[in-house]
Amino acid sequence: MKKRMFLDACALAVAALFSANVMAQANTFKIGLILPMTGQQASTGRQIEAAARLYMAQNGDTVAGKKIELIVKDDTTVPTVTKRLAQELVVNDKVNVLAGFGITPSALATAPIATQSKTPQVVMAAATSIITEASPYIVRTSFTLAQVSVALADWAPKNGIKTVVSLVSDYGPGIDAEKYFKERLALNGAQVIESLRVPMRNPDFAPFLQKVRDLKPDALFVFVPSGAGAAVMKQFLERGMDKAGIRLIATGDVTDDDQLNDMGDGALGVVTSHHYSAAHPSAVNKKFVAAFEKANPGMRPNFMAVGGYDGMRVIYEALRITKGVGGGDALVAAMKGQIFESPRGPMYIDAQTRDVVQNVYLRKVEKVDGKLYNVEFDVIKDVKDPGKTK
Ligand code: PHB
């Protein structure tokens, strides 16, 4: 009899524990944040994680009665690892949302998992146009290379640039930058006279820059992914390309706020187009930059950080709109059409394409209080991704 009572008590305790666990699950909203924390794009992972944690610190970790749990995983900048981690997060951890994605191949590798499991996939970094078409569960808060390259191709011919050589990383975003820049420049009566592509992994820019020197265009247009810009700038200056009369123009990935201040005065005057500068002169951005720098001493937020911060906003708001009871389809529906003021300026998630619509700024590297910044001097408002095929 004693034994029986003991066993009953045990069963009760186990059941209580089990239901507490189920309750905790039901009251938790899990975000699986997959980022390159090591490898070539490690600065992207560092920036996005810091921004996501800042958003949570500022906005609390409970939304619509659910406790937000952030699970950060390092994909080491390897797309097959991203995919495996996404699968584990969905199957084992039962995450409600997948987020992050430092490079295009990682975002694309995960798309089938988002589709099959009906899990929203919030792309905070990767920027090839095609990504949002890879799954109806993908929502993007970063930008596209097509979006920002076109603005520079409009600016250049009006500023004395008639011939350009382009130099891009040889994969999705680079190929988009090359294509949209070239087509738009031609429409404006100027020409890309040569298109050069460098390997995405560990590129040696020297032989390519030598070629540019020989071709002697009015300008060199560059896209390399965040983190690789300093190497391009260094070699451009070391080879005296600026002194040879070749202007450097680029997407803002090259004068990345994460690295810009260490590039030296040789970077002064470089004109770029992008959606975010840490020097964006709005009250919302000043507050964001100050809070980010306070929470992460020695770091300046770059465009990756803003993609992560706004991605968290989109997720929080979707959870609030769906009152904590929505599955993947309801969450994606609640992400569509969100409109708000980001540190980058006004933005919204296009309800048709699930891609970001935002201002694109022309900026010039200048010194502000002794530090190098991308200072905005012109804006093209509410730019949609020109790279959509449907
Ligand atoms: C990308 O892989 O899509 C990517 C990565 C870094 C950038 C831009 C695009 O700065």
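The values are calculated or read from the model by the stated rules, or taken from the named source; none is laboratory data. What you see is a predicted model, and the numbers here were worked out from it, not measured in a lab. Every residue, glycine among them, receives a Cβ derived from its backbone with ideal geometry; neighbour counts consider all protein chains shown. All accessible areas refer to the heavy atoms of the entire protein, side chains included, with ligands and DNA or RNA removed. Shrake-Rupley method; radii C 1.70, N 1.55, O 1.52, S 1.80 Å.
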Do you know which residues across the stretch 350-369 are surrounded by fewer than 17 Cβ atoms within 10 Å (Cβ to Cβ) and in contact with a Lys or Arg (Cβ under 6 Å, 6 or more places away or on another chain)? Ala351
Condition set within 16 Å of the ligand (Cβ to nearest atom) and open to solvent by 80 Å² or more (accessible area, probe 1.4 Å), scope the stretch 198-221, selection farthest from Tyr180 (Cα to Cα): answer is Asn202
Conditions (1) surrounded by fewer than 16 Cβ atoms within 10 Å (Cβ to Cβ); (2) modelled with pLDDT of 95 or more -> Thr389 fails only (2)
Could you please let me know if Ser142 is under 25 Å from Leu33 (Cα atoms), touching a His at 6+ places or on another chain (Cβ under 9 Å) and in a loop (DSSP other than H, G, I, E, B)? yes
Scan of the stretch 222-261 for residues that are touching a Ser or Thr at 6+ places or on another chain (Cβ under 6 Å) and more than 9 Å from the ligand (Cβ to nearest atom), ordered by number: Ala250, Thr255, Asp258
Got a sec? Which of Arg344, Arg320 is crowded, with 16+ Cβ neighbours inside 10 Å and under 18 Å from Tyr55 (Cβ atoms)? Arg344
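Looking at this structure, is Val81 β-branched (Val, Ile, Thr), part of a helix (DSSP H, G or I) and within 20 Å of Ala318 (Cα to Cα)? First the steps, then the outcome.
Details: β-branched (Val, Ile, Thr): yes; part of a helix (DSSP H, G or I): yes; within 20 Å of Ala318 (Cα to Cα): no.
The answer is no for Val81.
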Being not aliphatic (A, V, I, L, M) and not in a helix (DSSP H, G or I) is true for just one of Pro136, Pro112. Which residue is that? Pro136
Check on Gly308, touching a helix residue (DSSP H, G or I) at 6+ places or on another chain (Cβ under 9 Å), farther than 24 Å from Trp155 by Cα and modelled with pLDDT under 95: no
Determine if the stretch 273-280 includes at least one residue that is under 18 Å from Ala125 (Cα atoms) and either out of contact with any Gly (no Cβ under 9 Å at 6 or more places or on another chain) or open to solvent by 40 Å² or more (accessible area, probe 1.4 Å) (or both). yes
Residue that is farthest from Arg300 (Cα to Cα) [pool: residues in the stretch 28-49 that are in contact with a strand residue (DSSP E or B) (Cβ under 7 Å, 6 or more places away or on another chain) and open to solvent by 30 Å² or more (accessible area, probe 1.4 Å)]: Thr38
